[in-house]
1. Any residue in region 62-76 that is closer than 16 Å to residue 48 by Cα sitting within a Cβ distance under 6 Å of a residue that is of a type in the set (A, V, I, L, M, F, W, C) and in a loop (DSSP other than H, G, I, E, B)? List the pairs, counting only those 6 or more apart or interchain.
2. State whether the residues of region 71-78 include one that is of a type outside the set (Asp, Glu), buried (at least 22 other Cβ atoms within 10 Å of the Cβ) and closer than 20 Å to residue 147 by Cα.
3. State yes or no: is residue 56 more than 19 Å from the chain's Cα centre (by Cα), at negative phi and modelled with pLDDT of 90 or more?
4. When you scan region 113-153, how many residues do you find that are more than 15 Å from residue 94 (Cα to Cα) and among the acidic types (Asp, Glu)?
5. State all residues of region 116-144 that are free of Cβ contacts under 8 Å to residues at least 40 places away in the same chain, touching a Leu at 6+ places or on another chain (Cβ under 7 Å) and under 20 Å from residue 166 (Cα atoms); if no residue qualifies, say none.
6. Quick test of your reading of the structure: residue 59 fulfils all but one of (1) polar (S, T, N, Q); (2) buried (at least 22 other Cβ atoms within 10 Å of the Cβ); (3) more than 28 Å from residue 151 (Cβ to Cβ). Name the failing condition by number.
7. When residue 142 is evaluated against the numbered criteria (1) at pLDDT 95 or above; (2) not β-branched (Val, Ile, Thr); (3) not in a helix (DSSP H, G or I), which criterion, by number, is the only one it fails?
Amino acid sequence: MPFLVAHPDPRVRGACGHLLAAWGEHDALLRLAGDPRYGVMQAAMHALGKTTPNAAAAQCARTCLAHPRVTGACAEETLATYVAHAPPAEAIPLLARLVADDPRQTVRRRAVHALIELHAARELAELLPLLEAPPRVHWGVHLALLEGCRKLGLDGSRGADMLREVDDIHVQGALARLT
């Protein structure tokens, strides 16, 4: 393992994640998750998400998610890794805060989906007033919240009434599936 983790070529370090995950090498993946090369860190975080639950992996993913350089697909993968490793009682409150406050649209949308997967109906219901707010960037969070209403049997009618005026085929499709 030291040969792969300390290899001078970042392409080798980045490519070995799937092997380390298959071997259950949490410590090696955690080291790679701290790699200064963004691509290596992202690959390690993705691979860590494929391993058995581990408290250190959950903490690493949470710390990594807070880093300003973690955005886009990397942020989504990091959040998925966190959810895979954190106990639901710990993950649910963090996910709800991310939906409400995180500036990254991808993180907010993925956090809603994670709340749905964890059947966190009460926490999701508390976030439904977001349906009445205009989107920060796109309708992704609204669409995810509407999906949560449908899957968890929540009443999203207050926000849905406002969304009926939105000129977006995806929003209108989600509303149609809700009723």
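1. That search, which allows pairs on different chains as well, returns 64/70.
2. No, the conditions are met nowhere in region 71-78.
3. Working: more than 19 Å from the chain's Cα centre (by Cα): no; at negative phi: yes; modelled with pLDDT of 90 or more: yes.
No.
4. Total meeting the criteria: 2.
5. 127, 128, 130, 131, 142
6. With (1) polar (S, T, N, Q); (2) buried (at least 22 other Cβ atoms within 10 Å of the Cβ); (3) more than 28 Å from residue 151 (Cβ to Cβ) applied to residue 59, the lone miss is (2).
7. Of (1) at pLDDT 95 or above; (2) not β-branched (Val, Ile, Thr); (3) not in a helix (DSSP H, G or I), only one is false for residue 142: (3).
Here is a yes/no grid of residues against (1) of a type in the set (Lys, Arg); (2) surrounded by 19 or more Cβ atoms within 10 Å (Cβ to Cβ); (3) modelled with pLDDT of 95 or more:
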position	(1), (2), (3)
98	no, yes, yes
107	no, yes, yes
117	no, no, yes
124	no, yes, yes
127	no, yes, yes
132	no, no, no
138	no, no, no
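The values are calculated or read from the model by the stated rules, or taken from the named source; none is laboratory data. What you see is a predicted model; the values in this text were computed from it and never measured. Every residue, glycine as well, gets a Cβ built from its backbone with ideal geometry; the counts of neighbours run over all protein chains shown.
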